[in-house]
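The values are calculated or read from the model by the stated rules, or taken from the named source; none is laboratory data. Predicted, not measured: the structure shown is a model, and the values here were computed from it. Backbone-built Cβ (ideal geometry, glycine too); neighbour counts: all protein chains shown.
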Amino acid sequence: MSLYERLPSDFLIQFYNEMKKMSSNGLVSKNMYYELGLIIAAASKRGIQLDKPKDFDHNVDHELLMELECRTWFLRKNK
């Protein structure tokens, strides 16, 4: 279980919004995109849909991206 899965939903969403703002300003490193992926996955487990930043796919390794999408799909299917 990741740290993000333990956070209250409102805090998780606020944290996501701040990181997304930083990414739109070019202030996010490649590693932080992985963190955004973990946040999106944790939110998805709760039924909260968060969109990926525009450049998310460009900055995240394709294999990790596929793993996140598979997890998200699997979690939605098993609800």
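Observations on the model:
- Matching residues in region 1-27 - criterion: being without any contact (Cβ under 8 Å) to a residue 24 or more places away in the chain and surrounded by 14 or more Cβ atoms within 10 Å (Cβ to Cβ): M19, M22
- Summed over region 44-78, the residues that are at pLDDT 80 or above and of a type in the set (K, R) give a count of 2.
- Scanning region 4-43 for residues that are farther than 16 Å from K54 by Cβ and outside any helix (DSSP H, G or I), we see that the one that is modelled with the highest pLDDT is P8.
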